[in-house]
């Protein structure tokens, strides 16, 4: 039975968001409090004695509460952003409590995607911390009767050096709370030399819980009286149920009923796909009941979709003139001059996210309101789609964010959260929707398949005098617009529009491609296929000219300069060109340093060994990679060593940044070695790690060295930029080791066994 306790608001909040645990159900919480939205929307920071903004609160006992409004999925952002606040506040990290925010527009953008959490919120977090520090100093100065200019902060205290007086933050919180909140222009930020945490590194505050099994993921969420749901989705995108067996699933012990979910109304966006949900006492019963549904499907027009034919179609389109998105000089007349011309066709298939934790969400609809718990990258999007699907105001949706067992962009699309809410309304009880691994693979928002064609005319030294490149891929906007067939500026900008080489005649084009599945963003998105094509083609040109690939890459990058892309509509990852110009000098620098760090040209490599190099800018970060491979006689690929050099501007948490690039090498290995999603008669063929494998420990790089350039530039992205250069560097290394060129991924498409 549920116990009834007399809880204060503070006690209640400590129960549901306290360190180390989430109390998620009526089993622990008096039901009367669940209806009190004034409580559920408030944080510990809001309720603290001093709370100058939505991110910071200080209690009279000196506890500092910091709200983490971004989602934690292994990037340690739940630690890194609060670190910035704590540093500017001069807070003792041991006295800081970090609270995970619910979805709420007052925090600004909460979509933890696009490698921009630090970039977009570094200044915001500094202001949040500096504001509280300013008010504490003012309060102390008033109490002592001295000028604030004569006071400063030391760790978790304000001090007056002349008199050696000292007051802790808790002692000042009440007085500070009565002062006006200062304007940003009145704040004084700490100098770099005074930073305690920024740039020094910090372990994840969740590390102990992660290692001891106490960490709370979406699957851990529970409510009294909840049921489990497993959904049989249409195997072909856009399909509908014609008929199914309602009675057979009920023969499985634990199955309660079956519930139809309406198919989405185009465009699909983040709506549930539709299908039949099996409701049960537990996941096992729900999964077993699904097997007995015996559904007959009306598959619709996408039933004609077959990967092999579609690949051919994309290549044919890429070989024809397409929409011009950037043009400089006169490519056609240069090609007509009779200089040697080289062409290449490149291909990257659909890719699935395959995060360790499949989709899961718990929702309760009651009294016209929804409360949901989910491992989501975008709780505000979950609010929006639940509001749309249930026809309730968005403010009546509360979305709690658990830890994510991986995301890579998939969990920014909250269709699975909407499923739980829809079913809860239908059943009038809490529902936890659990996807199987097969569901995860077959019903993803896939990274787009892409075909690319490149052509260059070459001078006597093999350097391009003219360069043409075409990219053809089904665009992400197709999930919002059924007529979308061309790439949007944001994704064309990812390694395509911004081709940085010093070439006088350049034309960049994009061809149409219709989507037959849901297309979404996956870690580094269009940079995956664009960097693969451009950097592989560059390596081919170097070998064709008989030149060293590293020296050739530096030659085509050219002298340091700033590329003006404003006339092309280049969105620059949402950042201003004034703050984040496209600087080829920074690309040169990371390339030169990775050449040095790898010992390029100075190490004697054994039989079957090879080095490959690539460099790329993405998410405002410049990265160069050198990959060493060993290809055995039977074609097995081993990766003994990877060197990466990173210029990401100001780096807040260096050790975690290194981990992101080490992880990017493993992720890139999975993409390159065996990542391929295919379709037959509209249905996805792959279903689990047996036919969509990820890199095993013996396949991943043995050693990855990450070198971070010390930079005064503004902070840029770190979660995704390591993937794009790694993949072509790996493939270029395989060519160096075997003489076999990789123009299509995954590697399983090419026989790498060495002859002789």
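Taken together, the values in this text are just the output of simple stated rules run on the coordinates, not laboratory data. Remember, it's a predicted structure, so these values are computed and weren't measured experimentally. All Cβ positions, even for glycine, are placed from backbone atoms using ideal geometry, and neighbour counts span all protein chains on display.
Here are the numbers for this structure:
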{"read-out": "Packing rank of 299-306, 47-54, where each peptide gets the mean count of other beta carbons within 10 Å, highest leading", "value": "47-54, 299-306"}
{"read-out": "Relative contact order (%) - region 43-197, alpha-carbon pairs under 8 angstrom, separation at least six", "value": "27"}
{"read-out": "Length-normalised contact order for the chain - Cα pairs under 8 Å, 6+ apart - percent", "value": "13"}
{"read-out": "Most to least packed among 268-277, 484-493 [average Cβ atoms within 10 Å]", "value": "268-277, 484-493"}
{"read-out": "Label-to-label distance, nm, for residues given as residue 680 and residue 336 (7 Å Cα→Cβ offset)", "value": "4.9"}
{"read-out": "Most to least packed among 111-118, 611-618 [average Cβ atoms within 10 Å]", "value": "611-618, 111-118"}
{"read-out": "Least to most buried among 697, 528 (fewest other Cβ within 10 Å first)", "value": "697, 528"}
{"read-out": "Virtual spin-label span in nm between residue 210 and residue 753, 7 Å along Cα→Cβ", "value": "4.2"}
{"read-out": "Residue 636/residue 265 FRET efficiency (R0 30 Å; Cβ-Cβ; nearest 0.05)", "value": "0.05"}
{"read-out": "Length-normalised contact order for region 659-756 - Cα pairs under 8 Å, 6+ apart - percent", "value": "41"}
{"read-out": "Within region 448-481, backbone nitrogen closer than 17 Å to the virtual label 7 Å beyond the Cα of residue 514 toward Cβ", "value": "449, 473-481"}
{"read-out": "Net length gained if the chain between residue 281 and residue 296 were fully extended (0.36 nm per residue, minus Cα distance)", "value": "2.8 nm"}
{"read-out": "DSSP-defined antiparallel bridges as percent of all bridges, the chain, nearest 5", "value": "75"}
{"read-out": "Ranking of 473, 619 by count of other Cβ atoms within 10 Å, fewest first", "value": "619, 473"}
{"read-out": "FRET E, pair residue 146, residue 592, Förster distance 51 Å, beta-carbon r, rounded to 0.05", "value": "0.45"}
{"read-out": "Spin-label pair residue 480/residue 605, simplified geometry with 7 Å Cα→Cβ offset, distance in nm", "value": "4.3"}
{"read-out": "FRET E, pair residue 328, residue 426, Förster distance 45 Å, beta-carbon r, rounded to 0.05", "value": "0.20"}
